[in-house]
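Every number in this text was worked out from the coordinates using simple rules, so none of it is lab data. Model, not experiment: these values are computed from the prediction. All Cβ positions, even for glycine, are placed from backbone atoms using ideal geometry, and neighbour counts span all protein chains on display.
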Amino acid sequence: MVKVTIDGLEIEVEEETTILKAARQLGITIPALCYNELIEPYAVCRLCVVELQRGQRTRLVTACNYPLRESVVIRTNSERVQRLRRMNIELLMARAPGAKIIQDLAAEMGIERTRFPLEDSDEKCILCGLCVQACSDVVQAYALGFSERGSKRVIGPPYDTTPETCILCGACAYFCPTGHIKMTDTDGRILHSELTLGPNAAITLPFRQAIPNVPRVNPDYCIHMKTGGCELCVKVCQKEAINFTELAQDSFEEFEVGAVIMATGFQDFDPTPMKLYGYGVLPNVLTSDEFERMNNAASPTGGRIVMENGEEPRSIAILHCIGSRDEHYHKYCSRVCCMYELNFAHLVNVKTSAEVYQLYIDMRSFGKGYEEFYQRILDEGVNVIRGKGAEVVPAYQKRRGEGGLLVCCEDTLIGKYREIPVDMVVLCTALEARADAAEIGRKFNISTGADGWFIEAHPKLAPVSTTTEGIFLAGVCQGAKDIPDSVAQGAAAAAQVMKMFCQGELLMDGAYAEIVEDICSGCRICNGLCPYNAITYDIEKKVSAVNPAMCKACGTCVAACPSGAITGRHFTDEQIYAQIEGILA
Amino acid sequence: MKPYRINLMVCAGTGCVANHSFEIKKALEDEVKKRGLENEVQVVATGCNGFCAEGPLMVVQPEGIFYHQVTIKDIPHLVEEHFLKGRPVQKLMYVPPDAKAPIPKMSDISFFNRQMLIALRNRGLIDPEKIDEAIGRGAYSALAKVLTAMTPPEVVSLIKASGLRGRGGGGFPTGIKWETCRKAHGEPKYIICNADEGDPGAFMDRSIIEGDPHSVLEGMLIGAYAIGSHHGYIYIRQEYPLARERLTIAVQQAREYGLLGDNIFGTGFQFDIKVARGAGAFVCGESTALMASIEGRVGEPRAKYIHTVEHGLWNLPTCLNNVETWATVPEIILKGAEWFTSIGTGDVSKNPWGGSKGTKVFSLTGKVKNTGLVEVPMGITLREIIYDIGGGIPKGKQFKSVQTGGPSGGFLPASLLDLQVDYEQLTEAGSMMGSGGMVVMDEDNCMVDMAKYFLAFTQDESCGKCTPCREGTMRMLETLERITQGKGREEDIQLLEDLSQFVMDASLCALGGSAPNPVLTSLRYFREEYITHIRDKKCPAHVCRELNVYTIDPGLCVTKGHGCGVCRRQCPENAITGEKNVAHVVSQELCKKCGVCYDVCKFDAVKVA
Ligand SMILES: Cc1cc2nc3c(=O)[nH]c(=O)nc-3n(C[C@H](O)[C@H](O)[C@H](O)COP(=O)(O)OP(=O)(O)OC[C@H]3O[C@@H](n4cnc5c(N)ncnc54)[C@H](O)[C@@H]3O)c2cc1C
Ligand SMILES: Cc1cc2nc3c(=O)[nH]c(=O)nc-3n(C[C@H](O)[C@H](O)[C@H](O)COP(=O)(O)O)c2cc1C
Ligand code: SF4
Ligand code: FES
């Protein structure tokens, strides 16, 4: 520890603490433009120069990087220091007239104008080097550097080209103290497909209601994952909760559980193959998912409904049943779309003055309070057109000189073909079974139906159970439904599990397969055939055995056994024959 | 080595080479052969002799006869008269400016006899490309002494006691640097020789390397032994091809002789040297920028309160010294600290900063008769250097000022001519020792213009890393340009002073820290010149052309020149009218002040005011 005096106040700090840090502990501010505590001091703006007195000798040092090693006296605001600071600011005012931080500092010091001719009134760069340091030392992307020397010095990518090593992390813009560096799409566009629930930060809550409600590192955006550099979060986190060695590799953990509730939900239907709607080709044609994200208050547009050029649309068409109720894609009705589409219309009405068109086949407002909501939307003046949207084309194709989009459809109520000019189209895509549903089903011994959803044990009597004991279903993975239904199903599944656990023991069906050890040849054909993994092979005895608790009495093994060693209890050959005889008698 | 009756030491320093000394050497050799003297007379190309103004030069040894301004035409006569018949040729001997009779011997010429050669001890005496000649003159005997009879701490103590201070500019006591580096933790340790020499017009380091490279290698070897280093670098600028070549040859020969490499002198001591090339940026002479450059990074100074002796090259302990410092070391080892401290000023026995000991090499240039390279004892006065050695100001002009220390040195006025040349006194007066540049200015120099000239250099060479130097020097130059163009304002002097103070106090490295010296000293000693430029819009020395008014004296024009009309024909603006035998007139409206008329008039009829 060393004891130092700063502006008459004494403080004891650890050796090697910089003057700036010690002063900040005392609440003394020293202007420091090129300093950021996350970056090794570069000490080039020289604004933080202070007077340091040791014995009789006084000299000037930069506070941001001068390490305190012995008892010294420091003056951060002496007349000499102030003189230097003022001159520095005057020079920077002339160099970067556009930098607000410089103007603010000047105002603080009471400098009204600089004595030097202004360079370029928009210039903001003060060559503090923070961006270069951030890009090379922190991010390790090495996409920015200095070129030229002396008063010609400039910052930029090598050879003024688009740097190949830039990973678009935005660190340079973050560290830039004057706002000289900004993140913009090169064409100034807003890319709807890149809007996500939160900003593209590497460390965020996955979503607002996430459980557990703690931030996580998103490897897609994490700089460390891309370049091996950065690790600023590790420096900042006082609880030392960030551990990259663990993050770097996924770990697999195994749990013993007594029951599983499948709630794997759905995926959005991808409308790209339906070329007529122009998704992915025409600007401002969005899926319902993208539209939903844009509306989120935490989205990059801040919840504003905007087109790619950042302007508000004047009209929006919402197309129902994209991929649902469609011979070529999904025959079923996705069940939730009609209602959330009405909700979209309501949101547009609240947020913008755009005209809304709903193009539907049938309006299915089946739930509690749903029909009332439909009426309310009609009262709000939404245009509902009965007729499926058939095609979306750029307006200039059909109408010379017009921008925007044209939605073509047949209005079946008036029996006319219509072309509706709009600025934006929302495609309400089907809910479909996840691509991996069949594979997951196999893992859990449950089956999927023709449309891909998991099959319940009985549609009316056992809607959340499956044919596999201990595996239950909840939510959309079982079939399209809305949130209330999903929640209800979830609660039911949970109750089923609770029931199982409360019993403490498992009630077994009397019917199961049995292997007669004396006859079994140990051929193991049955082992692989059992769909419920109920048969194991006893190496010592060299015979197979059925676990009665797992057996579902399906009879596959019974039929397949070449030695006739397996019988189904309550379904023995004798019993079957007896029943046949009884019937025939 | 074969003994010869006569050795012809032909100067092959930069100045003389430019004046065809290699051709002269060749002609001499041919002529000597033609006369059948090749077994008696040897022709040797040496490093810079120092008296560059009089080149091409040649010294005949062992008599010490000095010939100057030798041309190829002179050679047959010279060989016949002097080497065959033994009659030195008077016509080729040096005649001092005010004297009639020539001075035959080099040792009698005042340019030489006031000098004292330590770093340049072998100048003009050896062929720098032959290690045997250097060894014949005692090279590597100090190394032998050190390796066989002294411990490293003894070497450090000896250098400390000698009071040797860095010749590269800062004047840091060399012994203390060595001691700290010796004690620093970290392996390996590095030795660096700073041969960047970026000061315009300076060629001390270049001459030492070109003339006697082994003195530098030996110094580095001794330093390496004292510090415990096995790796050395010599950082030399790309623009010094001859010096680099001779250095490479010297390193090669030293390796062949077992003077570099493993097991030097059979003592087990090992040390080797790499020659690193610099791209010629002035700032790369600054120690941290130099190290960054060797490491392959951009040559910019670093802002850290850590000394390079502890964390230098690749963050390891590094001892960096200037060429001249290294070259001086062997002599101190051989002759002792007492001998060295007997030369110079002050007392270094208690405070290493207490005095300036030994000698310093200066490159004497500008408005002085004998320009060249001189090595003088510390404490000599500026007057002695400029008048006794330099022969005073040419063309009977008045001395005005002398700048010491390179482009960022200060301008000292005539009243300070009796100032003793040592670190403290020069700094006191607002200038510095620097690396040894010395530019003499006479009444024809405008001090504002000179300040502008040198500031333009440092401004251009600023790396631009820190605000004060980058923005400050640019604004200073802008202000000076304004003043020399007659657009100066009253408040500009204050502005220049404020800016100078800021740049000096707040800059990151010593480039910015010293760049304002020319401005500050010119303001301190020649302030009235600034005032005249600003208030009266006049340049007293008529250098700042925009401030000049050109007129033609009608009397002189007609009586002397008969209206010759050369000015009229040369004027690019057609601003002069007149006819034969009629006085010419300059139209002040059209005149763009280029000054051509003044330069071309043979009759001094064009006047400036
Ligand atoms: C655009 C749109 C708007 C809607 N608006 C409304 C509305 O306003 N009101 C309403 O009631 N309903 C609405 N819905 C319907 C609603 O989204 C669904 O009813 C609800 O999300 C179903 O919840 P879920 O838990 O079954 O499935 P999901 O929400 O799909 O959740 C399934 C979860 O399981 C995870 N998962 C999948 N596979 C695995 C695996 N193998 N291992 C571990 N995790 C896995 C998934 O990542 C996902 O997080 C809307 C649907 C859409 C498409
Ligand atoms: C801008 C600048 C340029 C320098 N150029 C040189 C140079 O060309 N040669 C040199 O020896 N020292 C130069 N120096 C001084 C070196 O930084 C260093 O102090 C010196 O080489 C140390 O050696 P010494 O102690 O033997 O003098 C320069 C310093 C600065 C700030
Ligand atoms: S003082 Fe000049 S040369 Fe030195 S770091 Fe600053 S800008 Fe570069
Ligand atoms: S903050 Fe210290 S030099 Fe910039």
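Just the number, please: Stokes-Einstein D of the protein assembly as shown in µm²/s, Kirkwood Rh from C-alpha pairs, 4 °C, 1.567 mPa s. Spell out each step's value before the answer.
Values: Rh = 39.1 Å.
Reported coefficient: 33 µm²/s.
Percent relative contact order of chain B, based on C-alpha pairs within less than 8 angstrom and at least six residues apart?
11
Take the alpha-carbon positions of chain A, form their convex hull, and give its projected area averaged over all directions (one quarter of the hull surface) in nm².
Values: hull surface 183.0 nm².
Mean projected area for chain A: 45.7 nm², to one decimal.
State, to one decimal in nm, how far the label point of A:K3 lies from the label point of B:T577, with both points 7 Å from Cα in the Cβ direction.
In this crude spin-label approximation the distance works out to 8.8 nm.
Just want the ordering: B:V600, A:V132, from fewest to most Cβ atoms lying within 10 Å of their own Cβ.
Starting with the residue having the fewest Cβ neighbours, the order is B:V600, A:V132.
Listed highest first by mean packing, meaning other Cβ atoms within 10 Å per residue, what order do A:48-55, B:113-120 come in? List each step's numbers first, then the result.
Working: A:48-55: 18.9, B:113-120: 20.4.
So the peptides A:48-55, B:113-120, ranked by packing, come out B:113-120, A:48-55.
Non-local amide H neighbours of B:F399 (under 5 Å, H modeled in plane, Pro and chain starts lacking H): which ones?
none
Around A:K388, which amide H atoms from residues at least 5 apart in sequence, or from another chain, sit under 5 Å from its own amide H, with H modelled in the peptide plane?
Amide H neighbours of A:K388: A:E410.
Can you sort B:E40, A:E410 by how many other beta carbons sit within 10 Å, fewest first?
Values: B:E40 14, A:E410 17.
Least to most surrounded, the residues fall as B:E40, A:E410.
Of the beta bridges DSSP finds with both residues in the protein assembly as shown, what % are antiparallel, to the nearest 5? Mind showing how you got there, number by number?
Values: 81 of 131 bridges.
That works out to approximately 60 percent antiparallel.
List the trypsin sites (Lys or Arg not before Pro) within the stretch B:237-326 that fall in a DSSP loop (any state other than H, G, I, E or B) and whose Cβ has at most 11 other Cβ atoms within 10 Å.
Values: sites: B:R237, B:R244, B:R246, B:R255, B:K274, B:R277, B:R297, B:R302, B:K304; in loops: B:R297, B:R302, B:K304.
Sparse-neighbourhood loop trypsin sites (Lys or Arg not before Pro): B:R297.
Restricting the calculation to Cα positions, tell me the Rg (one decimal) and the Dmax (whole number) of chain B in Å.
26.6, 88
Over all distinct Cα pairs, what is the inverse of the mean 1/r for the stretch B:548-608, reported as the Kirkwood hydrodynamic radius in Å? Mind showing how you got there, number by number?
On the way: mean 1/r = 0.0917 Å⁻¹.
Kirkwood hydrodynamic radius for the stretch B:548-608: 10.9 Å.
What share of Cα pairs, in percent, lie more than 17 angstrom apart in the stretch B:466-531? Could you put the intermediate results ahead of the total?
On the way: 750 of 2145 pairs.
In whole percent, the long-distance tail amounts to 35.
What are the membrane-span-like helices in chain A by this rule: whole DSSP H runs, Cα extent along the axis at least 20 Å, mean Kyte-Doolittle hydropathy at least -1.0? Each step should come with its number before you reach the end.
Details: long enough: A:79-95 (24 Å, -0.64); A:337-351 (21 Å, 0.57); A:483-503 (30 Å, 0.58).
Correct list, ordered by number: A:79-95, A:337-351, A:483-503.
May I ask what percent, to the nearest 5, of DSSP beta bridges between residues of chain B are antiparallel? Intermediate values should be presented prior to the final figure.
Working: 36 of 64 bridges.
Around 55 percent of the beta bridges assigned by DSSP in chain B are antiparallel ones.
The stretch A:8-97: D in µm²/s via Stokes-Einstein (Kirkwood Rh, Cα pairs, 10 °C, 1.306 mPa s)? Spell out each step's value before the answer.
Numbers: Rh = 13.6 Å.
It diffuses with D of about 117 µm²/s by this estimate.
Among A:M508, A:M294, A:M424, A:M1, rank each residue by its count of other Cβ atoms within 10 Å, from fewest to most, as a rough exposure measure. Working shown, then result.
Working: A:M508 12, A:M294 19, A:M424 25, A:M1 8.
By the 10 Å Cβ count, ascending: A:M1, A:M508, A:M294, A:M424.
Using Stokes-Einstein with the Kirkwood hydrodynamic radius over Cα pairs, what translational diffusion coefficient do you get for the stretch B:313-369 at 37 °C and a viscosity of 0.692 mPa s, in µm²/s rounded to a whole number? Show your work: numbers first, answer last.
Details: Rh = 13.9 Å.
It comes out at roughly 236 µm²/s.
Can you give me the three principal axis dimensions of the stretch B:173-230 from its C-alpha atoms, in Å, biggest first?
The principal-axis extents, from largest down, are 39, 22, 19 Å.
At a Förster distance of 45 Å, what's the computed FRET efficiency of B:V95 paired with B:L334, Cβ-Cβ distance as r, to 0.05?
Working: r = 37 Å, r/R0 = 0.83.
After rounding to 0.05, the efficiency reads 0.75.
Averaged over peptide B:458-469, how many Cβ atoms belonging to another chain are found within 10 Å of each residue's Cβ?
Numbers: counts 1, 2, 4, 2, 5, 4, 10, 9, 9, 15, 9, 4.
So the per-residue partner count for this stretch is 6.
So what's the Cα pair-distance distribution over the stretch B:6-108, bin width 5 Å, in %?
Calculated over all Cα pairs of the stretch B:6-108, the distribution is 3, 14, 26, 28, 19, 9, 2, 0 percent.
So what's the angle, to the nearest 10 degrees on a 0 to 90 scale, between helix B:323-335 and the longest Cα principal axis of chain B?
Computed tilt is about 50 degrees.
Just for the Cα atoms in the stretch B:306-426, what are the lengths along the principal axes, largest first, rounded to whole Å?
Extents along the principal axes: 54, 34, 23 Å.
Over all residues in A:49-56, what is the mean tally of Cβ atoms on other chains that come within 10 Å of each residue's Cβ? Don't jump to the answer; show the numbers that get you there.
Values: counts 5, 0, 1, 0, 0, 0, 0, 0.
Partner-chain Cβ atoms within 10 Å, mean over residues of A:49-56: 1.
Could you tell me how many degrees, from 0 to 90 and to the nearest 10, lie between the Cα long axis of helix B:241-256 and the main elongation axis, the longest principal axis, of the Cα atoms of chain B?
Approximately 10 degrees, to the nearest ten.
Between B:K85 and A:Q397, what is the label-to-label distance in nm when each label sits 7 Å out along the Cα-to-Cβ direction?
Roughly 11.0 nm, to one decimal.
Taking a quarter of the surface of the Cα convex hull of the stretch A:282-435, what do you get in nm²? Display every interim value, and only then the final one.
Working: hull surface 41.1 nm².
If I average the Cα hull's projected area over directions, I get 10.3 nm².
Give me the inter-chain shielding for A:138-146: mean count of other chain Cβ atoms within 10 Å, whole number please.
Numbers: counts 0, 0, 0, 0, 0, 0, 0, 1, 5.
Taking the mean over all residues of the peptide, I get 1.
Within 10 Å, count the other beta carbons around each residue, average over each peptide in B:540-552, B:484-496, and list them highest first.
Working: B:540-552: 18.9, B:484-496: 16.0.
Packing order, densest peptide first, comes out as B:540-552, B:484-496.
Would you mind calculating the gained length between A:S78 and A:K460 on full extension (0.36 nm times residue separation, minus the Cα-Cα distance), in nm to one decimal? Write out the running numbers ahead of the final one.
On the way: separation 382, 0.36 × 382 = 137.52 nm, distance 8.60 nm.
Length gained, A:S78 through A:K460: 128.9 nm.
Could you list which residues have their amide H under 5 Å from that of B:K607, counting only those 5 or more apart in sequence or on another chain, with H placed in the peptide plane?
B:T551, B:I552, B:D553
Given just the C-alpha atoms of the stretch B:50-170, how large is their convex hull per residue in cubic angstrom?
Details: hull volume 20.9 nm³, N = 121.
Cα-based convex hull of the stretch B:50-170, divided per residue, equals 173 Å³.
Could you calculate, for the stretch A:436-503, the ratio of the Cα radius of gyration to the Kirkwood radius, expressed as Rg to Rh?
Numbers: Rg = 11.7 Å, Rh = 12.2 Å.
Rounded to two decimals, Rg/Rh equals 0.96.
How far is helix B:174-183 tilted off the main Cα axis of chain B, in degrees rounded to 10, range 0 to 90?
50
Using only the Cα atoms, work out Rg/Rh for the stretch B:131-342, with Rh taken as the Kirkwood radius, to two decimals. Before the final figure, lay out each step's value.
On the way: Rg = 15.8 Å, Rh = 16.9 Å.
Result for the stretch B:131-342 is an Rg/Rh of 0.93.
Tell me, what is the percent relative contact order of the stretch B:356-442, built from C-alpha pairs under 8 Å that lie six or more residues apart?
Value for the stretch B:356-442: 36 percent.
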